Each structure stands twice: as structure tokens, then as C-alpha cells.
Amino acid sequence: MRGLKEAFAAIVVALLALGYAASQRAYLAGSPEEWAAKVDVPQVKFLALAVVLALVALGMVPDREDRP
């Protein structure tokens with residue numbers, strides 16, 4: 001389970017980094033409004049909700065290595 005948690009954490013960090021980089025690229029290109037319109041869609045909101053729910057669920061599952 002620990003490996004799954006670490007893999008999911010890596011995916012979340014990669015998504016955050018890519019999103020931030022794309023946002024900065026749009027800002028520097030002078031089109032932040034277009035970027036905001038592209039990411040303000042139900043699919044992105046659903047992905048964010050799914051990530052939060054998965055983080056909560058994974059946080060509630062104990063690791064077998066942590067047990068005495």
C-alpha cells in the first residue's frame with residue numbers, strides 16, 4: 001500500500017507542476033484569460049475532486065509496515 005501511496009503522490013506532484021508550468025507559460029505569452037477558460041471546465045473540477053477523495057481514502061488506510 002505504501003508503494004501505491006508514493007506513486008499517487010508522485011502523480012499529484014507531476015500534475016501540479018505541469019499545471020503551474022502551463023499557467024506561467026500562458027501568463028508570459030500574454031494569454032492568461034484563455035488558459036483560465038480552458039481549465040475552468042467540469043472535467044478539471046471533477047479531476048480535482050477525484051484527487052482529493054483519493055488522497056483522503058489513501059490517508060485512511062494504514063500501512064502494514066507501520067504496525068508493530
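Bear in mind that the values in this text are calculations on the coordinates, not laboratory data. This one's a predicted model, so the numbers in the text were calculated from it and none came from an experiment. Methodologically, a virtual Cβ is constructed for each residue, glycine included, from the backbone with ideal geometry; neighbour enumeration extends over all protein chains shown.
Observations on the model:
Residue by residue, here is whether (1) exposed (fewer than 11 other Cβ atoms within 10 Å of the Cβ); (2) touching a Phe, Trp or Tyr at 6+ places or on another chain (Cβ under 7 Å); (3) aliphatic (A, V, I, L, M) holds:
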residue: 5; (1), (2), (3): no, no, no
residue: 10; (1), (2), (3): yes, no, yes
residue: 14; (1), (2), (3): yes, no, yes
residue: 23; (1), (2), (3): no, yes, no
residue: 26; (1), (2), (3): no, yes, yes
residue: 32; (1), (2), (3): no, no, no
residue: 39; (1), (2), (3): no, no, yes
residue: 54; (1), (2), (3): no, yes, yes
residue: 58; (1), (2), (3): no, yes, yes
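- Among residues of region 11-40 that are within 14 Å of residue 51 (Cβ to Cβ), none has a Cβ under 8 angstrom from a residue that is among the acidic types (Asp, Glu) and surrounded by fewer than 12 Cβ atoms within 10 Å (Cβ to Cβ) at a sequence gap of 6+ or on a separate chain.
- The set of residues from region 41-57 being in contact (Cβ under 8 Å) with a residue 12 or more places away in the chain and of a type in the set (Val, Ile, Thr) comprises just one member, 51.
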